[in-house]
Ligand SMILES: [Zn+2]
Ligand SMILES: [Zn+2]
């Protein structure tokens, strides 16, 4: 699996990743401009790490051939079109789109010559997911963890700092070589340690019991 980063510098859009495998996949699609530049018909699926506007806005009104399916965790899929998208923070209306495949924890997305494992990581939103590819030890972390020990905010609708701690506790059990975050740069620099730092920060943010 090869990963291309398709993102534009406008800070209110998330990273979009194009995964080249026997079956191509897209992770997150916040930018209409990015969507226009990608051969979406050549992707088997568009996988959304969570519902937030900056990751999903380009899905609104997007015409997809029947071959390209949209995937999202059930807990966020059921909140499509509501304020849970945080669209109002971007001065926009909640994107409306159809989810073809509802994801659950442990689901596997088959890309022909590689497989993405779905890890349900609530905290930033109830239906946030991370995607782990075993062969390359890649983690697509959405807004759950960011490089250098940063973490996703938990003060938006459906956020939970306790859930975030539990979710990052699961991520530290993985062996990750490359981190593909929802925002910021891709990093391959001692990623396991970076995720441990994120867990520390999440626990510190939560404060003593
Ligand atoms: Zn985001
Ligand atoms: Zn978000």
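For this structure, a couple of remarks:
- Contact order relative to length of the chain, as percent, for alpha carbon pairs under 8 angstrom and 6 or more apart: 15
- Of the peptides 114-124, 139-149, 53-63, 166-176, the ranking by mean beta-carbon count within 10 Å, highest at the top, reads 139-149, 114-124, 53-63, 166-176.
- Nearest-0.05 FRET efficiency for residue 185 and residue 88, computed from C-beta distance (R0 25 Å): 0.35
- The overall shape of the range 141-189, judged from the alpha-carbon gyration tensor, is oblate: a/c is not under 1.5, and a/b is no greater than b/c.
- For residue 206 and residue 20, the difference between the fully extended length at 0.36 nm per residue and the C-alpha to C-alpha distance is 63.1 nm.
- DSSP bridge orientation in the chain - percent antiparallel, rounded to nearest 5: 60
- Dimensionless Rg/Rh of the range 2-206 - Kirkwood Rh, Rg from C-alpha atoms: 0.93
- Peptides 187-194, 76-83, 127-134 ordered by average Cβ neighbours within 10 Å, highest first: 127-134, 76-83, 187-194
- Taken as Cα centroids, the range 16-90 and the range 133-209 sit 21 Å apart, rounded to the nearest whole angstrom.
- Three-way shape call for the range 170-209 based on the alpha-carbon gyration tensor, with the a/c threshold at 1.5: prolate
- Shape call, the range 30-136: gyration tensor on alpha carbons, a/c limit 1.5: oblate
The numbers here are math on the coordinates, done by the rules we state, and not lab data. None of these values were measured; they are calculated from a predicted model. Here Cβ is always computed from backbone atoms with ideal geometry, including for glycine, and neighbour counts include all displayed protein chains.
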